[in-house]
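The values are calculated or read from the model by the stated rules, or taken from the named source; none is laboratory data. This is a predicted model, so every value here is computed, not measured. Ideal geometry is used to build each Cβ from the backbone, glycine not excepted, and the neighbour counts take in all protein chains shown. To get the accessible areas, we keep the full protein, side chains included, count just its heavy atoms, and leave off ligands, DNA and RNA. Shrake-Rupley method; radii C 1.70, N 1.55, O 1.52, S 1.80 Å.
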Amino acid sequence: MNWDLVGSSASKVEADLACEFLRRLANFFKKEGVKPIKPLVADIARLLGDADEIEISDYCNSEVVNFLGENIYIKNTIEYYLHLAKYAEKYPDAYKYLSVYDPLIKIFERGGMFVLRINALDIVNGAHIPLNGWYEKFCNDEFY
């Protein structure tokens, strides 16, 4: 991933990817029977019962660690993804949930940026997605 490009681009595609993340996350809650929480704090590995902590520096080089230190929304996404990948090594059924975070990671890969707040998911220079009632809006067809 070219971290220098993150935040340099915005388009409708990034907004669509953000909505896909919300759809996948809602369907995770539905499938697992877990009470939905705000996407901002949706660490799937923790929601599945893993209390382990991870250090991003154990998995990423110093350039990435420095970049993530300045971008809490991206840091949380990468941390949640790595936490789930580590958890899935012990519990392979959890691998399918890694795809929940894929749309957010694709936003970064495309040069986009998002800000995930308590009540909104904003695609920088692209879209504003209110999160009031997000679960009901996005819980639809299964993706597994």
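The table that follows gives values for the structure above.
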{"read-out": "Net dipole in debye of region 1-139 [+1 Lys, Arg Cβ; -1 Asp, Glu Cβ; about Cα centre; nearest 20]", "value": "680 debye"}
{"read-out": "Residues whose placed amide H lies under 5 Å from that of A120, excluding near-sequence neighbours", "value": "L131"}
{"read-out": "Backbone HN-Hα couplings from phi across region 64-81 [Karplus 6.51/-1.76/1.60, Hz, Gly and Pro as x]", "value": "5, 4, 5, 4, 5, x, 9, 9, 4, 5, 5, 4, 4, 4, 5, 5, 4, 4"}
{"read-out": "Cut-off under 5 Å, modelled amide H: who pairs with F114 long-range", "value": "V124"}
{"read-out": "Accessible area (Å², per residue) of the chain, counting only protein heavy atoms and a probe of 1.4 Å", "value": "52 Å²"}
{"read-out": "Accessible surface of region 57-144, 1.4 Å probe, proportion on carbon and sulfur as whole %", "value": "48 percent"}
